[in-house]
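*Asks:* The following block contains the structure, expressed as structure tokens.
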Amino acid sequence: MVKAVLKIFLIGIITFLTLKNKILSMPDLTQMNVKGILSFWGSVSFRLTLNVCLFLTALAAADYIFQRWQYEKNLRMTKQEVKDELKQREGDPLIKARIRKVQMEMARRRMMEAVKDSDVVITNPTRLAVALKYDPQDMVAPKVVAKGAGFVAEKIREVARKNGVAIVENKALAQAIYKAVEIGSHIPVNLYQAVAEVLAYVYRLKGERKWKQ
């Protein structure tokens, strides 16, 4: 309604401005013949119609641009709608974070269980810890069953001590295995010699303990 009233008001202004200069010429119409009068009003009507049409064309163009902008704005999603859509498409980030946390905790527990059955834990001596297990009948080479740094390394050493697993300090070897070998993988060929020496030392200690017992 406001737009319609505004249109009428503006058309009235255009009409007034168009006729303003012609009003002074109206008294002269009494001295003109019919052809002159018709010519005068025809000129005024053409000018008025042209001005109104130009105004309405410009107004229609502006209104089209405004309506299109408003339509596209209404189609845009709010930030909350975008977040909700991402949650529906990819899942709630909080839930995914909890799942990852639970998975990491379960993996850590399995790793600590594997430490109990390992043959040796090689340390850095405090920052890194790598647990190795070797079964000549089932394994082609010693396998890394657990590894960690910082707090995890301390937990590995703690579990090893509680379960009687040998702990050997070898800074260079611990760093090499930690960087090169993933959990569940066998050690590479270039580390066979160093690991074999550590395992031989551990087996010798176990043999001495059994002999003493």
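Computed from the coordinates by the stated procedures, all read-outs in this text should not be read as laboratory data. Everything numeric here is computed off the predicted structure, so don't read it as measured data. Using ideal geometry, Cβ is built from the backbone for each residue, glycine included, and neighbour counts are taken over all protein chains shown.
*Asks:* How many of the residues making up segment 92-122 are of a type in the set (S, T, N, Q) and loosely packed, with under 12 Cβ neighbours inside 10 Å?
*Replies:* Within segment 92-122, residues that are of a type in the set (S, T, N, Q) and loosely packed, with under 12 Cβ neighbours inside 10 Å number 1.
*Asks:* Applying the selection to segment 95-120, what residues are β-branched (Val, Ile, Thr) and over 25 Å from residue 134 (Cβ atoms)?
*Replies:* 95, 99, 102
*Asks:* Could you please tell me which pairs satisfy a Cβ distance under 6 Å, a separation of 6+ or placement on different chains, a first residue in segment 115-126 that is within 11 Å of residue 161 (Cα to Cα), and a second residue that is among the polar types (S, T, N, Q) and part of a loop (DSSP other than H, G, I, E, B)?
*Replies:* From segment 115-126, the pairs are 116/163.
*Asks:* Identify, from the list 129, 141, the residue that is aliphatic (A, V, I, L, M), in contact (Cβ under 8 Å) with a residue 40 or more places away in the chain and surrounded by fewer than 18 Cβ atoms within 10 Å (Cβ to Cβ).
*Replies:* From the options 129, 141, the qualifying one is 141.
*Asks:* Using the structure shown, decide if residue 192 is closer than 24 Å to residue 107 by Cα, assigned to a helix (DSSP H, G or I) and among the hydroxyl-bearing types (Ser, Thr, Tyr).
*Replies:* No; evaluated as a whole, the condition is false for this residue.
*Asks:* While we're looking at this one, here's another question. Limited to segment 127-180, what total is found for residues that are part of a loop (DSSP other than H, G, I, E, B) and under 13 Å from residue 195 (Cα atoms)?
*Replies:* Here the count works out to 4.
*Asks:* Here is a further query. Using the structure shown, decide if residue 154 is surrounded by 12 or more Cβ atoms within 10 Å (Cβ to Cβ), over 15 Å from residue 120 (Cβ atoms), free of Cβ contacts under 8 Å to residues at least 12 places away in the same chain and not basic (Lys, Arg).
*Replies:* Working: surrounded by 12 or more Cβ atoms within 10 Å (Cβ to Cβ): yes; over 15 Å from residue 120 (Cβ atoms): yes; free of Cβ contacts under 8 Å to residues at least 12 places away in the same chain: no; not basic (Lys, Arg): yes.
The answer is no for residue 154.
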